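**Q** What follows is a single structure, and I will ask about it in a moment.
The values are calculated or read from the model by the stated rules, or taken from the named source; none is laboratory data. Since we're looking at a predicted model, the values are computed, not measured. A quick note on method: Cβ atoms are made from the backbone with ideal geometry, for glycine too, and the neighbour counts reach across all protein chains shown.
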Amino acid sequence: MDRRTVKMDTKILVSLSHQVAMRRQMDIIANNIANMNTTAFKRESIMFNEYLSDIGGSLPESFKKVSFVQEVGIARQMSNGELVTTGNVLDIALEGEGMFKVRKTDGTIAYTRNGHFSLSADFTLITTDGHEILDDGDAPFQFPPNADGFKIAEDGTVSAKNVGDVGKIAVLQFQSYGAMRKIGDNLYSAEEEPTPSDNYKIAQGMLETSNVSPVLEITNMIQLSRAYAQTANLIDRVQQTQSAAINKITKFA
């Protein structure tokens with residue numbers, strides 16, 4: 001195979017890998033923008049790595065090694081969103097590191113930063129979708145029927161006027177938040193075993209907003225669109241060069 005042909009084919013393959021990566025990146029940006037008003041949503045970005053492929057053959061070493069773009073995972077920016085006052089005593093916002101532990105209606109364990117809670121008919125603390133919030137002993141957080149005047153301390157200890165301390169809401173931390181998998185309802189699952197967080201504060205009557213910056217995301221989207229168009233133009237030019245070369249060879253033949 002002619003070296004120039006190999007080089008042109010390689011340019012197309014590498015450019016296509018860049019385009020696939022940029023399409024994936026655009027999906028992540030679009031998802032960030034779509035969730036800019038989702039309570040406690042964390043901005044995501046995609047991580048890429050260089051993937052070297054050996055095309056083999058009798059070509060010189062400089063032609064054998066081809067560098068492609070490969071997705072390696074999702075990074076979540078866990079910085080705090082702004083805290084907004086709601087006036088609802090069962091709304092709680094996390095400042096610092098950690099997530100609430102949840103037992104879903106199907107019995108599986110999940111985690112969330114969304115502190116928009118309510119009480120079920122049997123006085124169990126639940127999410128808006130009916131999943132149970134767990135205490136630091138892995139039990140559903142349940143209030144006595146006669147409890148009133150709820151107070152939630154910075155460490156998650158809950159008390160009521162006429163019964164004293166009710167329990168403590170579990171707040172757990174992870175080594176790798178990017179490895180957590182989204183499972184809907186603003187919940188995440190994790191294979192990693194979490195540990196109790198020691199770097200957080202809870203604010204009662206408040207909720208954490210998304211940490212997505214619309215200006216940043218739109219700027220990134222514009223830059224990515226331009227880069228995608230430039231790559232498409234490069235592929236088009238290489239294909240035109242290939243076609244011209246093939247036409248010349250056909251004429252000589």
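**Q** Has region 78-99 got at least one residue that is free of Cβ contacts under 8 Å to residues at least 40 places away in the same chain and either of a type in the set (A, V, I, L, M, F, W, C) or closer than 17 Å to Asn186 by Cβ (or both)?
**A** no
**Q** Those residues that are over 29 Å from Glu44 (Cβ atoms) and outside any strand (DSSP E or B), I need them from region 156-180; list them, please. Steps first, please.
**A** Taking region 156-180 first, the residues over 29 Å from Glu44 (Cβ atoms) are 157-168.
Of everything in region 156-180, those that are over 29 Å from Glu44 (Cβ atoms) and outside any strand (DSSP E or B) turn out to be Lys161, Asn162, Val163.
**Q** Search region 107-153 for residues being acidic (Asp, Glu) and either exposed (fewer than 12 other Cβ atoms within 10 Å of the Cβ) or touching a Cys at 6+ places or on another chain (Cβ under 7 Å) (or both), and hand back the single one that is farthest from Gly87 (Cα to Cα). It would help to see each step written out before you state the result.
**A** Within region 107-153, the subset acidic (Asp, Glu) is 122, 129, 132, 135-136, 138, 148.
With either exposed (fewer than 12 other Cβ atoms within 10 Å of the Cβ) or touching a Cys at 6+ places or on another chain (Cβ under 7 Å) (or both) added as a condition, the list becomes 122, 138, 148.
Working: Asp122: 23, Asp138: 28, Asp148: 16 Å.
Among those that are acidic (Asp, Glu) and either exposed (fewer than 12 other Cβ atoms within 10 Å of the Cβ) or touching a Cys at 6+ places or on another chain (Cβ under 7 Å) (or both), it is Asp138.
One line per residue, one yes/no per condition, for (1) farther than 26 Å from Asn186 by Cβ; (2) of a type in the set (S, T, N, Q); (3) out of contact with any Ser or Thr (no Cβ under 6 Å at 6 or more places or on another chain):
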{"site": "Thr128", "(1), (2), (3)": "no, yes, yes"}
{"site": "Asp135", "(1), (2), (3)": "no, no, yes"}
{"site": "Pro144", "(1), (2), (3)": "yes, no, yes"}
{"site": "Ala147", "(1), (2), (3)": "yes, no, yes"}
{"site": "Ile152", "(1), (2), (3)": "no, no, yes"}
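**Q** I've got another one for you. Return only the number of the condition from (1) touching a Pro at 6+ places or on another chain (Cβ under 6 Å); (2) within 29 Å of Gly73 (Cα to Cα) that Gly107 does not satisfy.
**A** (1)
**Q** Restricting to region 82-122, name every residue that is touching a His at 6+ places or on another chain (Cβ under 9 Å) and either within 14 Å of Ile152 (Cα to Cα) or of a type outside the set (D, E, K, R) (or both).
**A** Selection gives Thr86, Asn88, Leu90, Asp91, Ile92, Val102, Thr105, Ala110, Thr112.
**Q** Which residues, taken from region 71-106, are among the aliphatic types (A, V, I, L, M), part of a strand (DSSP E or B) and surrounded by fewer than 21 Cβ atoms within 10 Å (Cβ to Cβ)? Quick ask: steps written out before the conclusion?
**A** Filtering region 71-106 for residues among the aliphatic types (A, V, I, L, M) gives 72, 74-75, 78, 83-84, 89-90, 92-94, 99, 102.
Those still in the list that are part of a strand (DSSP E or B) too: 72, 74-75, 83-84, 92-94, 99, 102.
If the condition is that a residue be among the aliphatic types (A, V, I, L, M), part of a strand (DSSP E or B) and surrounded by fewer than 21 Cβ atoms within 10 Å (Cβ to Cβ), then Val72, Ile74, Ala75, Leu83, Val84 are the ones that fit.
**Q** Would you call Ala110 farther than 18 Å from Ala203 by Cα, part of a strand (DSSP E or B) and not assigned by TED's automatic domain parsing to the domain that holds Gly167?
**A** It is false that Ala110 is farther than 18 Å from Ala203 by Cα, part of a strand (DSSP E or B) and not assigned by TED's automatic domain parsing to the domain that holds Gly167.
**Q** So, in region 95-123, how many residues would count as being of a type in the set (A, V, I, L, M) and at pLDDT below 95?
**A** Count: 2.
**Q** Within region 211-226, take every residue that is surrounded by 14 or more Cβ atoms within 10 Å (Cβ to Cβ) and assigned to a helix (DSSP H, G or I) and give me the one that is modelled with the lowest pLDDT.
**A** Checked region 211-226; the qualifying residue modelled with the lowest pLDDT is Leu224.
**Q** Look at Gln173 and say whether it is at pLDDT below 95 and either exposed (fewer than 15 other Cβ atoms within 10 Å of the Cβ) or out of contact with any Leu (no Cβ under 6 Å at 6 or more places or on another chain) (or both).
**A** Against the criterion (at pLDDT below 95 and either exposed (fewer than 15 other Cβ atoms within 10 Å of the Cβ) or out of contact with any Leu (no Cβ under 6 Å at 6 or more places or on another chain) (or both)), Gln173 does not qualify.
**Q** I need every pair where a residue in region 16-33 that is at pLDDT below 90 has its Cβ under 6 Å from the Cβ of a residue that is of a type in the set (S, T, N, Q), sequence separation at least 6 or different chains.
**A** Every condition considered, the pairs that remain are His18/Thr231; Gln19/Thr231.
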